[in-house]
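One structure is given below, encoded as structure tokens.
The values are calculated or read from the model by the stated rules, or taken from the named source; none is laboratory data. Only a predicted model underlies this, so the values are computations on that prediction, with no experimental measurement involved. So basically every Cβ, Gly included, is an ideal-geometry build from the backbone, and we count neighbours across all protein chains shown.
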Amino acid sequence: MYSSRIPGFYKLSMEERLEKVAELVGLTEEEKRILRSFGHVDPKTLDVMIENVVGAMPYPLGIAVNFRVNGRDVLIPMVIEESSVVAAASNAARMMRDGEGIISIATDPVMIGQIQVLDVPDPWRARVDIYRHREGILRVANQQSKTLTKLGGGAKDLDVRIIGSRVGTMLVVHLYVDVRDAMGANAVNTMCEAVAPIIEEITGGKVLLRILSNLADRRLVRVRGRVRKEVLGGEEVVDRIVAASAFAEADPYRAATHNKGILNGVIAVALATGQDHRAIEAGAHSYAARTGVYTSLSRWEKDANGDLVGTLEMPMPVGIVGGAVKVHPIARIALKIMGVSTAKELAEIMGAVGLAQNLAAIRALATEGIQRGHMKLHARNLAVMAGAEGELIDLVAEKMVREGNVRYSRAVEILEELRRNM
């Protein structure tokens, strides 16, 4: 057994780190060669993004097609390891192309900073006093980012909440900050730090936490899409999808998987564009539970014509400046492919992808079942793993699907049979 206690590991060069790990766990020369392969990204770029870098792990980047969002056609870069997601999003987008396509509207990019105050002698009086000093507090907050205020952003308002907890009553100040084209965590945290001493002076309490909230319920995207009943296969299919949606709305166990389907699309775009996908997921799930019961982020209904109409509402804290977006070349290329120039546009496109992905999943579940589509693509992957190339890939995959026997061992057998008969 080896010890993971390696003093000074972070001070080593990337190659020295890799050699140290290889020595400890017994990596082969081939495994080290794979880890040294950084694709077209400069290793120096990756070495400054996180700590203790020893290599890179490439994921496939695919392009979802057929999307029309707010009247504009757009190609969608998606990074994901799961087969069928890109194809499903593309197919669902095709179904919703009529007219302006998917309508997606993002709110102003307002993030929330929280300042926790303990041991306040008179919380209700302190709450009023904070509101009385609102302008001064906001002024100090905005002095922390002159650039943001010049762009029309900055701290716009505040709120004060009094919360009962197992350690006693606490006062929590919410600072509402328009972060413009940034995700905003650094700017918000800096402002919270700056106003904390003022809050302490006003309240007579002690500030503890000063941190951004990932429940970004002031930074939402609202999406709507329509699918004609003829495209889906008739009104019966519409009714089935509506019933499936109602199931997710009513049952947290179903809602969790329903929302995961939405995030399949959203997070794939987030990864392609260098977003903080953990923040997006945390915000999505907490927003789904904001009423006290976890429910679906989307809703599918039948309109007066018998067509299917879907809506989606969720937080979408994304940025096009700063962080990984600024330093990672693939993220910059992905933004160029989509043709976005503001964080608001990116949020709207990501919301549209979430709705399309949701449609694809719920339609499959309500009709043929989710496994059929998954198995087709999984069969192709197994055929490739077995060594099939060119037209043999589809021949092997099709035979496995027909037999209902989608396994790697069967892919090997079918490939051998086909090669013998060629």
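The sole residue among 201, 230 that is in the same structural domain as residue 102 (by TED's automatic domain parsing), exposed (fewer than 14 other Cβ atoms within 10 Å of the Cβ) and part of a helix (DSSP H, G or I) is 230.
The single condition from (1) at pLDDT 95 or above; (2) over 19 Å from residue 298 (Cα atoms); (3) β-branched (Val, Ile, Thr) that residue 65 fails is (1). Screening the candidates 331, 352 for the property of being touching a helix residue (DSSP H, G or I) at 6+ places or on another chain (Cβ under 7 Å) and either of a type outside the set (S, T, N, Q) or more than 19 Å from residue 108 (Cβ to Cβ) (or both) yields one hit, 331. Considered as a group, the residues in the stretch 220-236 that are out of contact with any strand residue (DSSP E or B) (no Cβ under 8 Å at 6 or more places or on another chain) and under 22 Å from residue 84 (Cα atoms) include one that is modelled with the lowest pLDDT, and that residue is 233. Restricting the stretch 159-193 to residues that are of a type in the set (Ser, Thr, Tyr) and over 20 Å from residue 137 (Cα atoms), the residue that is nearest to the chain's Cα centre (by Cα) is 165.
Which of the residues that make up the stretch 84-137 are farther than 22 Å from residue 360 by Cβ and of a type in the set (Gly, Ala, Ser)? Result: 106, 113, 126, 136. Only one of the numbered conditions (1) over 23 Å from residue 63 (Cβ atoms); (2) of a type outside the set (Gly, Ala, Ser); (3) at pLDDT below 95 is violated by residue 301, and that is (3).
Every listed requirement among (1) closer than 24 Å to residue 100 by Cβ; (2) buried (at least 24 other Cβ atoms within 10 Å of the Cβ) is met by residue 258 save one, (1). The helices (runs of 4 or more DSSP H) found entirely in the stretch 306-419 that carry 3 or more residues being farther than 30 Å from residue 247 by Cα and touching a Lys or Arg at 6+ places or on another chain (Cβ under 8 Å) are 391-403. Just to be sure before I move on: is residue 242 of a type outside the set (Phe, Trp, Tyr), assigned to a helix (DSSP H, G or I) and in contact with a Gly (Cβ under 8 Å, 6 or more places away or on another chain) in the structure I sent? No. Tell me whether the stretch 119-126 contains one or more residues that are outside the structural domain of residue 278 (by TED's automatic domain parsing), within 23 Å of residue 214 (Cα to Cα), surrounded by fewer than 20 Cβ atoms within 10 Å (Cβ to Cβ) and in contact (Cβ under 8 Å) with a residue 12 or more places away in the chain. The answer is no; no qualifying residue exists.
Of 177, 207, 269, 160, all but one fail to be free of Cβ contacts under 8 Å to residues at least 60 places away in the same chain, more than 30 Å from residue 304 (Cα to Cα) and either of a type in the set (Val, Ile, Thr) or in contact with a helix residue (DSSP H, G or I) (Cβ under 9 Å, 6 or more places away or on another chain) (or both); the exception is 160.
Scanning the stretch 307-366 for residues that are surrounded by fewer than 22 Cβ atoms within 10 Å (Cβ to Cβ) and β-branched (Val, Ile, Thr) yields a count of 9. Counting only helices (runs of 4 or more DSSP H) wholly contained in the stretch 50-158, the ones carrying 3 or more residues that are under 30 Å from residue 385 (Cα atoms), under 26 Å from the mean Cα position of the chain (by Cα) and of a type outside the set (Phe, Trp, Tyr) occupy 85-95. Of all residues in the stretch 98-109, those that are closer than 12 Å to residue 69 by Cα have Cβ atoms under 6 Å from Cβ atoms of residues that are charged (D, E, K, R) and part of a strand (DSSP E or B), 6 or more apart or on another chain, in 101/68; 103/224; 105/222. Taken together, 146, 156 contain a single residue that is of a type in the set (Lys, Arg), modelled with pLDDT under 95, more than 30 Å from residue 98 (Cβ to Cβ) and not assigned by TED's automatic domain parsing to the domain that holds residue 274, which is 146.
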